[in-house]
There are 2 protein chains.
Amino acid sequence: MARRSGRRPGDSGTRDAIRTAAGRQFAEQGYDRTSMRSIAGEAGVDPALVAHFFGTKHELFVDVVELPFDPGQVLPVIFAGDRQHVGRRLADFLLTALENPEARRRMTGLIRAAASEPQAARMVRELIAREVFARIIDALDVDDADLRAGLLSSQVVGLVMARYILEVEPLASLPPGQAAAAIAPTLQRYLTEPLDDT
Amino acid sequence: MARRSGRRPGDSGTRDAIRTAAGRQFAEQGYDRTSMRSIAGEAGVDPALVAHFFGTKHELFVDVVELPFDPGQVLPVIFAGDRQHVGRRLADFLLTALENPEARRRMTGLIRAAASEPQAARMVRELIAREVFARIIDALDVDDADLRAGLLSSQVVGLVMARYILEVEPLASLPPGQAAAAIAPTLQRYLTEPLDDT
């Protein structure tokens, strides 16, 4: 976990203690059963200090999980245009964001951890259910929202695996715009189109 | 690596030595640069004995990698019908095969290993390039064959991650036929349809 510099000498130690406690509790108990109070208790600080340093529980979660990008940035981009092209805009956003080496490191780290550690898998499930994908689908007001979030995550996680971890060619070397064009119809279908093939 | 019973006491030790050597060489050097002779050399046996126990280099590869199913079984199933439904038949085959606990264990094991070990990732790349997906695409005679194999693998690997490793609900609990129906149009597009969104 990366250290952050605080203004006073004691700050960074306190922040680290909060982040460590939060990381453990989110992973072991899940998001719902973790509270600012329980995190503060484990870190040995006042709950108000947790809020002072990190804001809401949601913001602390996003901080601890080291997301590759700020979920708050995705929605305005995805919905800046017509409904028929949300898949393409989401694909473009993801592939462009992952050109940044730090974003890519975080994304592959998250998926590698989720593949081997049940606690990290639980964190990623929470992310999928609460963050980017679920929020986009909620905003689209479609049926089968949870299934759509799962299918969307299957293609995005799979793309990260194939392109950045397995490095399957030529997919791994494809310019981001071309890779985005190739998966965009899949994302569009999972976002807005009927799911049943029959 | 599972032991196999041989007819003579020395057989299983020899088989194990060959499989260990083959596994190491396929992982470190890749399929092309590994030969029956180089495997036999490392295992300290005659190349003819390798062929006697395991058949061809290809058969030895499939044995060592512990594939979740025999690639030879997939093609007849996929092509037992019209071209417009190869995606559905592939999805049905995969989801049905993965209902078998041993097949699922092998598939998730392969993907977990590939996510964390570069050598396992290389093995999976070889599999994607040579086995199931590439063979199906070759048989379909379409353009961009390698990119299609990569995209196909991205959705299949991602589905295995989401359904069996991350266990995202309701995708994880969906009956295999429904899960197959949900991803079939994606597989169909990667197999036979134009890839460019624009």
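Here's a check for you: in region A:152-179, which residue that is of a type in the set (S, T, N, Q) and touching a residue at least 24 places away in the same chain (Cβ under 8 Å) is surrounded by the most Cβ atoms within 10 Å (Cβ to Cβ)? I'd like the intermediate steps shown before the answer.
Of the residues in region A:152-179, the ones of a type in the set (S, T, N, Q) are A:153-155, A:173, A:178.
Keeping just the survivors that are touching a residue at least 24 places away in the same chain (Cβ under 8 Å) gives A:153, A:155.
Details: A:Ser153: 26, A:Gln155: 24.
Among those that are of a type in the set (S, T, N, Q) and touching a residue at least 24 places away in the same chain (Cβ under 8 Å), it is A:Ser153.
Look at A:Ala182 and say whether it is at the interface with chain B (Cβ under 10 Å from one of its Cβ atoms), under 17 Å from the mean Cα position of the chain (by Cα) and open to solvent by less than 10 Å² (accessible area, probe 1.4 Å).
Details: at the interface with chain B (Cβ under 10 Å from one of its Cβ atoms): yes; under 17 Å from the mean Cα position of the chain (by Cα): no; open to solvent by less than 10 Å² (accessible area, probe 1.4 Å): yes.
Answer is no for this residue.
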Of (1) within 12 Å of another protein chain (Cβ to nearest Cβ); (2) within 30 Å of B:Ser38 (Cβ to Cβ), B:Gly158 satisfies every one except (2)
When every residue in region A:125-151 that is more than 8 Å from every other protein chain (Cβ to nearest Cβ) and closer than 15 Å to A:Asp196 by Cβ is compared, the one surrounded by the most Cβ atoms within 10 Å (Cβ to Cβ) is A:Arg148
Exactly one of B:Tyr190, B:Tyr164 is under 17 Å from B:Thr108 (Cβ atoms) and aromatic (Phe, Trp, Tyr), and that one is B:Tyr164
Restricting attention to region A:185-194, the residues that are open to solvent by 10 Å² or more (accessible area, probe 1.4 Å) and facing chain B (nearest Cβ under 7 Å) number exactly 2
Flagged in region A:100-119 as surrounded by fewer than 17 Cβ atoms within 10 Å (Cβ to Cβ) and either within 11 Å of another protein chain (Cβ to nearest Cβ) or hydroxyl-bearing (Ser, Thr, Tyr) (or both), in numbering order, are A:Gly109, A:Ser116, A:Glu117, A:Pro118
If we take region A:21-99, then helices (runs of 4 or more DSSP H) inside it with 3 or more residues that are closer than 23 Å to A:Gln119 by Cα and open to solvent by less than 50 Å² (accessible area, probe 1.4 Å) are A:36-43, A:57-65
Going through (1) closer than 25 Å to B:Glu167 by Cβ; (2) touching a residue at least 40 places away in the same chain (Cβ under 8 Å) one by one, B:Phe79 fails only at (1)
Per the filter on region B:161-190, residues out of contact with any Gly (no Cβ under 7 Å at 6 or more places or on another chain) and closer than 19 Å to A:Leu171 by Cα are B:Thr186, B:Arg189, B:Tyr190
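The values are calculated or read from the model by the stated rules, or taken from the named source; none is laboratory data. Predicted, not measured: the structure shown is a model, and the values here were computed from it. Every residue, glycine among them, receives a Cβ derived from its backbone with ideal geometry; neighbour counts consider all protein chains shown. Keep in mind that these areas ignore ligands, DNA and RNA; they rest on the heavy atoms of the full protein, side chains included. Shrake-Rupley method; radii C 1.70, N 1.55, O 1.52, S 1.80 Å.
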